[in-house]
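Rule-based calculations on the coordinates, nothing more; no lab input. Here the structure is a predicted model, which means the values were calculated and not measured. Neighbour counts are summed over all protein chains in view; Cβ atoms, including those assigned to glycine, are modelled from backbone coordinates with ideal geometry.
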Amino acid sequence: MITSERIHQIIHGRRAHQAPALLRHPETDRYALVGAALFDSAIGNLREGLAIQVAGATIVQVCPPHELPEGIPIVDVAGCYVMPGLIDAHVHSEDWHAPLYLANGVTTVRDVGCALAAVLARRKQWNAPAAAAPRLVCCGPLLDSPGKTWRAMGSIVSSPEQAVAMVDRWVAAGVDQIKLYASLNEACFRAALQRAHEHGKLVLAHLQDCLDARAAIEAGVDGIEHLSGFAEALWPERRAAGEGWRRLWAELERDRVQRLVELVVARGVWLPVTRVVWHRLDAAWSPFDPDHPENRYVPWPLEVWWALHYGGVMSAGERVEWSRALAGMQLFTAALIEAGARVIPGSDAPFIKVMPGFGLQDELELLCECGMAPAAALTAATRLAAQALEVSHLVGTLEAGKQADLLVLAGDPVASLRNLRKILAVVRGGVWHRPELLLAQAVRHAATANFAELRRFDEFY
Ligand SMILES: [Zn+2]
């Protein structure tokens, strides 16, 4: 039973309070969280003195505790911080990733490339009301031209007519957004983009062989992954030499950068820059660290797949070149953030030592290295990413009517993003999960993965 004396005790005791080591979960499906500071992603800052009332899967209201209904059961979160669940805008999902995402506070993901039937089946499963999995928004397969592409998650078209027909097929099957891939030729790119927009679908692109970022943005693309196509747009003259980002660090050409950044901002293009992938590509070329704490979650067939495809060793010269490229991308990302571009976090898990969930945590810290403030990173991972995934009506903010996708943290994530890893409870659609149990489940999966899965990994990508 809530009394005004109890509310006073919880609110005013908060600062003196330590967050509890083990949080008591609610015992009914109607309750209120009282005593925490809330991260309000609508304003991008903390708010004190507010309670969150939940019924089933939904937030009923966010209000001062004295406005709560008489007698509502209280979850005492004094000393804690509560925020909306995190969103990863760029993943390639598999069933076993679910507990790793939730354990890291990721309650929504966007799959940007997967075999069609597999991802639609997974979306149905993961979006079920009480699923112990993040919500899933999906693009279906990657649309690409003949050549080198991913076997199972790519779909090849040879003409604009085929590209249009493929988009029609995917939209009829129920994909949420459309992803255009690296080798897609310009005529197919433009035809697919136009068709997807006629269907009202957002279009994301991984650019490489044909259009550069400026051309893709001018054509109307809605999102660009991995900062692809930007170096080509900045230095078309370097394209033939394959220099890409490697020279930017030495000669930041402010005018060119500024003009492109202005175009990105004016068009509101979504940018999951996936810095974590570029970092891991660098690290993956050196021998793997066998003692890395995340290794226990890696099923050995995936470890083998990583080693086979990304296990080479870089020469000293290559390493210097790669460091220059990383520095160039970092400077450009910083320019984007400074100008207010829509940079959002994406991990590209499970590629190259990027573990689901952990990878998003790393990505947020890497964005802060580019000048994004922690509060802005939290906003990008919640409210902004929800907009990019077109799920703002469901998640991304703590508001009446939204899904109860919440994180209860033991530390202040605005003061330090490291506190985002101190998760006491993950609530997804009103269902409470303990991270340590989810991680134990992931360890069991990794330990029992069998040889059949090695073939699956190889075929899958
Ligand atoms: Zn990807």
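Worth a mention:
- Residues C63, C188, C114 arranged by fewest to most Cβ contacts within 10 Å: C63, C188, C114
- The mean sequence separation of alpha-carbon pairs under 8 Å and at least six residues apart, normalised by the residue count of the chain, gives a relative contact order of 21 percent.
- Exceeding the 24 Å Cα-Cα cut-off - candidates K124/K201; K201/K353; K179/K402: K201/K353; K179/K402
- Computed [θ] at 222 nm, deg cm²/dmol, the chain (DSSP H ≥ 4; -39,500 (n - 2.57); rounded to nearest 500): -11000 deg cm²/dmol
- The residues L102, L437, when put in order of fewest to most other Cβ atoms within 10 Å, stand as L437, L102.
- Here's the picture: charge each Lys and Arg Cβ at +1 and each Asp and Glu Cβ at -1 in the range 246-362, and of G312, G359, W270 the one pushed furthest to the positive end of that dipole is W270.
- Over the C-alpha atoms of the range 312-447, the Rg to Rh ratio, Rh being the Kirkwood estimate, stands at 1.02.
- Helix 4-13 vs. the chain, principal-axis angle (Cα, 0 to 90°, nearest 10): 50
- Which of T28, T274 has the fewest Cβ neighbours within 10 Å, and the rest in rising order: T28, T274
- Karplus 3J(HN,Hα) series, Hz, for the range 434-440 with 6.51 cos²θ - 1.76 cosθ + 1.60 (x for Gly, Pro): 9, x, 5, 6, 4, 5, 4
- Residue-wise HN-Hα couplings along the range 105-110, as the Karplus relation 6.51 cos²θ - 1.76 cosθ + 1.60 with θ = phi - 60° gives them from phi, are x, 8, 10, 9, 9, 10 Hz; Gly and Pro carry x.
- Cα centroid separation - the range 391-456 against the range 255-334, whole Å: 24
- A simple spin-label model places pseudo-atoms 7 Å from Cα toward Cβ; at Q387 and A334 they are separated by 2.5 nm.
- Dimensionless Rg over Rh [the chain; C-alpha; Kirkwood]: 0.98
- Between the helical axis of 316-338 and the longest alpha-carbon principal axis of the chain there is an angle of about 60 degrees.
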